[in-house]
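Read through the structure below, which is laid out as structure tokens, and then see the notes.
What follows draws every value from the coordinates through simple rules; no lab data is involved. Since we're looking at a predicted model, the values are computed, not measured. Using ideal geometry, Cβ is built from the backbone for each residue, glycine included, and neighbour counts are taken over all protein chains shown.
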Amino acid sequence: MSERHFTTRRGFIAALGFGAVSLYGAWAAYGAAPLPFGGHSGHKDAARETDADGHGGHGAAEGMAPEEFRFEHDFFVRKYAQKDGSVNPHADADAHGHEGDAHGGHGHADAGHGPGAATASGEPADLYLMAQKFAYSPDVLRLKAGQAYRFRMMADDITHGASIQLGSASRIIRLRPNVVTEQTITFTKPGEYLVYCTVYCGQAHDAMHGRIVVG
Amino acid sequence: MDTLSTSFAPAGATSRLTARVASLPSADKALLALLFGAALLALVLGLVGGAVTALARAGALTFLPDDAYRILTLHGVSVFFYWLYLIQAALLLVLAAAENGRGLALRPLAWTGAALMLAGFGVSEWISATGTPLLYDGSPELAADDPRSVGVFALGYLLLSAGLVASAVCGIATVLQPRLRGEAGEFTSIGFALFAWAGFLVVSAIAATNAFLPGLLWALGAGPFPADHGTEWHILFHNLHYLPLMAAVLVWYVLSEHLTGVTSIHGPRLSKIVFAAYLVFVPPTSLYHMFLEPNLSESVRVVGSLLSLFVSVPTLAAFAIIVSSLEASARARGATGFFGWMQGLPWRNPAMANMGWAAVNMMIGITFAFVLIQEKLAPMLSDTFFVPGYFHFFAVGVLTQTFLAALMVILPALGGGSLWRPDLLRRMPAVVTIGLLIFGAAGITAGFMGVPRRVFDVGYGGMAPAAWPLLMALVGVGATIFAIAISVTVYGVVRTLLSLRPSGGQAPVVDWRTGSRGVCAVPAWTGPLSVAALIAAMYVFTIVAFQLIQSLPIIAIGGGHGH
Amino acid sequence: MRMNEELWLVVAIAAVWAALAAVYALVPGLGMPGYVRVWGGGAVLFLGLAGVLVAVSRKAPRG
């Protein structure tokens, strides 16, 4: 009927249903639009995720088996353990800063990416964080501001979180058992950051936390 | 202020809906009363569990960890499964029976369905109270050393699913009766919505079986450990979100006609398309629940983020149909104020008040839902209190208030009594919304700050930000307010269910049907303005979230994941 | 038989769900077989409901 006002027409009503799709504009403005058009170049990425192949995200580390992770984790913790119980991958940077840190015939994933070498080359240093009921290993990590670290993380038993409290907000990380998750993280400010479980994991879930001390 | 001249229906007048409900066979009435009663019991249990949980998080109550998580499990199981599914089954059956005009078809199947669902209710509540706390998703990995808890928990949901299938089949058979009798060549828009909704209920049962049958088989020693439960749960979880939302919109259609006499000015075809759109749009939009999964491929993440933008299409379209139909009808009867036409709605009727405030809560809930569905923001918000902070606007503000509104209309017709103290009940939705605003504001802020959603003590040995306990205290205050207001409403509805004594007074309705002079000729701006306000709010909070995530003292770089 | 919009809508739902199930089934990298079962089961269900609509419209007495 031609005398219908456009606000009462079916086409207009149907179009209103799609109104929320216009939020794509906000996503594009922050470089977070899923499609190629809108906000990919010249914008600061939403979460400042700028991996080498052009997209952000947080995924399972391709190719690293759980057994390999466990081995590397154990080696990492043993190698960098401090007297106070913390783990400081920079503690022996002077002594072990050379590349090719092979151990007993095992090709470690951090070969060539030890903290000393990483600092010198600009490559991220490899870290290993294991979550298990109801603690992290290591539970205290001592790191440096401005240094990139490749966090390799895995839940050992059941699903956990390994989220990092950063003051005004957190970086939420979910870890599935026996799935190695990898994120490269650079802390830009010194401080003491809470690491805590954000996936309910049992009786002592509330107490499951650790620390990252960034100097 | 321009006001609308309304014609109030005379006291004692009954709508088509209430007349048909009142004339149902007594066997149907008994079944429906049983289901409504069981649904309300589940709501009460869930409310108590939720209020205690919120107070414990606020630090006002202290429990041993296992007990605290058992209470949280009882809350989730009672509300998200038994309240929402039992009330949906009951509403499907009563509306289908009213649509049929002659009661339920396949009545024995409906009774079988009710028996299965009630058995599931009992089993689930018992194991939630006594077993290893599994929360409402029943994750088997939490009780790998306690197969009994996993199996019995799964059995409860599987019984519920079987009952839902029986109820849905009964509902489908019932809405088909007028066509089988040759009285109708096609469905009404409500009839088609009931048909599609029933189908969706069956799919939800399939999703529940897919998620929980492996757990039962493992507990019986007849299958491997269900290691993929997390993924299977997400499918059910997504259905669990949108199935009751479709039901709520359908109830809005029914209540709008009952309260004002207005049906869609856009004709039944558009309404049928919108209800079908729920089933078209919901499945493809399910991936956003998985953005935090470490093994989700980048391509799925990108496609999932794009599709999630469409998740509100049917709900907003249905909202626009209802609001434009009401506004156009009101203006055809002489309403002239920009928003003044709304004053003519029967706000003194508690069902109208519940429905109106439900719409407000829906807009707030959608606003924050759209912050959560952005994949780049998931690493800041998923698994935090942001999630319960926003979804209580849906679960309590929209769904629970809408379904209680339906009960306020249906139960007096079903039992022959009258609505308990409508003047008190009509004030409750505003109080519920105030409570939700406090709960939601504190909870969403807490979520932005990273407070985890399932932790009772957020102190972390003094390492957590000082604001966290304060925000949780405010969450407790908000939860207490809306829990009290919902409890008053539930009490009123239960009194109504038990009431057999009709009173002279009826909750008021208006009749705008006769005012079709020039319907649609004048603008109806309320719908488009509401959607515009919604989009503006989405933009504001999305930008806030992006600004916040960019301000963090961290540069996070993905990599190493599959493509 | 009259093909009204109700039948088309139910068939469209079944088609969308079947297409989704097919994508999840045929792209192994997605790694989510549960989606195949649920959306595939839903597609079969709604195809069955479309059949019910056809049967009812054939069976209904002409008035």
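Can you give the average number of partner chain beta-carbon atoms within 10 Å of each beta-carbon in peptide B:535-542, as a whole number?
Values: counts 7, 0, 0, 5, 5, 1, 1, 7.
That works out to 3 on average.
Please compute the length gained on full extension between B:Arg427 and B:Val303, using 0.36 nm multiplied by the number of residues separating them and subtracting their Cα-Cα distance. Write out the running numbers ahead of the final one.
On the way: separation 124, 0.36 × 124 = 44.64 nm, distance 4.39 nm.
Contour length minus Cα-Cα distance gives 40.2 nm.
With 10 angstrom as the radius, rank A:Cys197, B:Cys520 by how many other C-beta atoms surround their C-beta, starting from the fewest. Show your work: numbers first, answer last.
Working: A:Cys197 32, B:Cys520 22.
Going from least to most buried by this count: B:Cys520, A:Cys197.
Extent along the principal axes, Cα only, for chain B: 65, 53, 47 Å, with the longest axis given first. Starting at 0 and stepping by 5 Å, how many percent of the alpha carbon pairs of region B:368-475 end up in each bin? That works out to 2, 11, 18, 17, 14, 11, 8, 7, 6, 3, 1, 0, in percent per bin.
Considering only B:Ser297, B:Ala205, B:Gly334, the residue lying farthest towards the positive end of the dipole of the protein assembly as shown is B:Gly334, judged by Cα position with unit charges set on Cβ. Counting only other chain Cβ atoms within 10 Å of each residue's Cβ, the peptide B:448-460 averages 6. Sorted on the mean count of surrounding Cβ atoms within 10 Å across their residues, most packed first, peptides A:178-191, B:283-296 read B:283-296, A:178-191. Put the Cα centre of region B:328-399 next to the Cα centre of region B:448-504 and the gap is 19 Å.
Highest first, please rank the peptides B:330-341, C:18-29 by the mean number of other Cβ atoms sitting within 10 Å of their residues.
Details: B:330-341: 18.6, C:18-29: 14.8.
In descending order of packing, they fall as B:330-341, C:18-29.
Rg and Dmax over the alpha-carbon atoms of region B:32-157 stand at 16.6, 54 Å. Relative to the 2.2 N^0.38 Å rule of thumb, region C:5-59 has a C-alpha radius of gyration ratio of 1.29. Expressed in Å, the radius of gyration and Dmax of the Cα atoms of region B:150-297 are 18.5, 58. Separation of region A:139-215 and region B:223-248, taken as the distance between their Cα centroids, equals 28 angstrom.
Looking at the protein assembly as shown, send over the antiparallel percent of its DSSP beta bridges, to the nearest 5. If we restrict to bridges inside the protein assembly as shown, about 70 percent are antiparallel. Residue by residue along A:26-33, Cβ atoms of other protein chains within 10 Å of the local Cβ number 6 on average. Computed packing ranks the peptides B:438-449, B:118-129 as B:438-449, B:118-129, most packed first, by mean other Cβ atoms within 10 Å.
I'd like the FRET efficiency for C:Val56 and A:Val213, computed as 1/(1 + (r/R0)^6) with the beta carbon distance as r and R0 of 60 Å, rounded to 0.05.
Values: r = 71 Å, r/R0 = 1.18.
Given R0 = 60 Å and the Cβ-Cβ separation, E is 0.25.
Put in order of Cβ neighbour count within 10 Å, fewest first, the listed residues B:Leu255, B:Leu64, B:Leu307 become B:Leu64, B:Leu307, B:Leu255.
Going through the cross-link list A:Lys83/A:Lys133; A:Lys79/A:Lys144; B:Lys272/B:Lys376, which pairs have a Cα-Cα distance over 29 Å in this structure?
Values: A:Lys83/A:Lys133 24 Å; A:Lys79/A:Lys144 18 Å; B:Lys272/B:Lys376 35 Å.
From the list (A:Lys83/A:Lys133; A:Lys79/A:Lys144; B:Lys272/B:Lys376), the Cα-Cα distance tops 29 Å for B:Lys272/B:Lys376.
At q = 0.05, 0.07, 0.08 Å⁻¹ the log10 of I(q)/I(0) for the protein assembly as shown amounts to -0.28, -0.54, -0.70, computed by Debye summation with a single uniform scatterer per C-alpha, solvent ignored.
Taking a straight line from the alpha carbon of B:Lys29, not one of the lysines sits under 25 Å away once near neighbours fewer than eight places off in the same chain are left out.
List the residue ranges in chain B for DSSP H helices whose C-alpha atoms run 27 angstrom or more along the long axis and whose Kyte-Doolittle average is 0.5 or above. List each step's numbers first, then the result.
Details: long enough: B:26-57 (46 Å, 1.71); B:107-130 (35 Å, 0.76); B:147-175 (42 Å, 1.61); B:189-219 (44 Å, 1.66); B:229-260 (46 Å, 0.53); B:313-332 (28 Å, 1.30); B:350-372 (32 Å, 1.41); B:428-449 (31 Å, 1.89); B:467-498 (46 Å, 1.84); B:526-551 (37 Å, 1.57).
Helices meeting the criterion: B:26-57, B:107-130, B:147-175, B:189-219, B:229-260, B:313-332, B:350-372, B:428-449, B:467-498, B:526-551.
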